[in-house]
Each structure stands twice: as C-alpha cells, then as structure tokens.
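A short write-up of the structure that comes next.
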Amino acid sequence: MLKHLALAFGVVLWTLLGVRAVSAQTGPMQSQSAGLPAYIPPPRGAPGGRVGGASRGTYQPTFPLPTIEALAPQGESGLSASAMPDLYYYVSGPVYWSTQFTISAPMQSAPVAEVYLPSPRMAGVYAIHVSDFGVRLKPGIVYTWSVAAILDPNARSRDIVAGATLLLGSPDPGLENAART
C-alpha cells in the first residue's frame, strides 16, 4: 500500500509539471528521498476518492485474476492543473480480457468518454492520455473515471474495476516552484 501511495505522489507531481510518464513501468519501487515535500490535502470540500478493483461473484477464470488500482488520492478527489490530464493505473499482472476506460460527469446520462484500451500484458503502471479521446475537463466539476477489465460482456457485474474522482483546479505555486528547483 505504501508503494502505491509513493507512486501516486510521484504521478501527481509529474502531472502538475506536465511531464509524460512512460506507458509501462516494471520492477521494484525506489525508496523515497528525504527532501520530498509532504502532501497536504487541500481544503476544497470536493467529495471523492478511489476504488480498487477485484472481481465479484463466482466466476472461475482459467487464468489468475489481476487487480487494478487507480493511482489517485484515497478519500478525496484528485486535483489536476491540466484540462487534459494523464491518468494512471496499476495492474498486478497480465489482463487477458478487454479493458475499458470511462470518464463521467455528474448529471449527464452518457459518459464523457468510454473507450477500449489496449489490455496490459504485464504488471506495471499504465498511462491514459485523456487528450487522445478528446476529453477536456471543465473547472468545478467532479469527474469519475474508471478502468475495467471486462471478464464477461454479458455479465458486467463480474468486471474488475478501479476508479477515482478528479477535479480541475489550479496548481499550488509553492509546490510547483519546489518541484522545479
């Protein structure tokens, strides 16, 4: 769990600076450096959080089921400085089923985007470039995004799903300056 939080912090920092990460990363996490700034959640009052993914029900696949984790703050909405952010998720192993990305806004009957992604073929961290799908976030809206491995298209309750919430906001100038030095 600590590895996931450290990785999520790095991803948020990369997003604030506009740096694109590689599409997959494998290998052990590096230990945290002593000079990194501490993450202090902003007092914005936006609801949110993230949900990790595992399958429900009695489905018995012939392969081991992976887990999926959205790399986002737990218990609150992620804050993006970009209207077209890169979102990141982790899979614990190969995904042998179709993989779908969805981003939704409240009070809209249809998703903002719902697209199939290339299924991850190995454990690691993967990036979703929302600009590839014409998505542009609007300020003040709490979006919900998710990644799903579709185990059975006729029984979507069996999907392995991970998701989080996201809000477009302004970057903290102090954090941005500290990151550049």
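Which one is surrounded by the most Cβ atoms within 10 Å (Cβ to Cβ) among residues in the range 112-133 that are assigned to a strand (DSSP E or B) and free of Cβ contacts under 8 Å to residues at least 60 places away in the same chain?
Here the answer is I128.
Are any residues in the range 92-122 touching an Asp or Glu at 6+ places or on another chain (Cβ under 9 Å) and either among the hydroxyl-bearing types (S, T, Y) or modelled with pLDDT of 95 or more (or both), and if so, which ones?
Those that are touching an Asp or Glu at 6+ places or on another chain (Cβ under 9 Å) and either among the hydroxyl-bearing types (S, T, Y) or modelled with pLDDT of 95 or more (or both): S92, Q100, F101, T102, I103, S104, V115.
For D159, state whether it is modelled with pLDDT of 95 or more and among the acidic types (D, E).
Taking the combined requirement at face value, the residue does not satisfy it.
Would you mind finding the one in V125, V115 that is of a type in the set (V, I, T), farther than 23 Å from Q74 by Cα and touching a helix residue (DSSP H, G or I) at 6+ places or on another chain (Cβ under 9 Å)?
From the options V125, V115, the qualifying one is V115.
Those residues that are in a strand (DSSP E or B), more than 28 Å from P64 (Cα to Cα) and among the hydrophobic types (A, V, I, L, M, F, W, C), I need them from the range 134-158; list them, please.
V142
Within the range 148-181, which residues are within 23 Å of M107 (Cβ to Cβ) and surrounded by 13 or more Cβ atoms within 10 Å (Cβ to Cβ)?
Residues satisfying the conditions are A148, V161, G163, A164, T165, L166, L167, L168, G169.
Would you mind stating whether T102 is buried (at least 18 other Cβ atoms within 10 Å of the Cβ), touching a residue at least 12 places away in the same chain (Cβ under 8 Å), touching a strand residue (DSSP E or B) at 6+ places or on another chain (Cβ under 9 Å) and not aliphatic (A, V, I, L, M)?
Considered against the rule, which asks whether it is buried (at least 18 other Cβ atoms within 10 Å of the Cβ), touching a residue at least 12 places away in the same chain (Cβ under 8 Å), touching a strand residue (DSSP E or B) at 6+ places or on another chain (Cβ under 9 Å) and not aliphatic (A, V, I, L, M), T102 comes out as no.
The values are calculated or read from the model by the stated rules, or taken from the named source; none is laboratory data. Just so it is clear, the structure is predicted and the values come from calculations on it, not from any experiment. Here the Cβ is made from the backbone with ideal geometry for all residues, glycine too, and neighbour counts use every protein chain on show.
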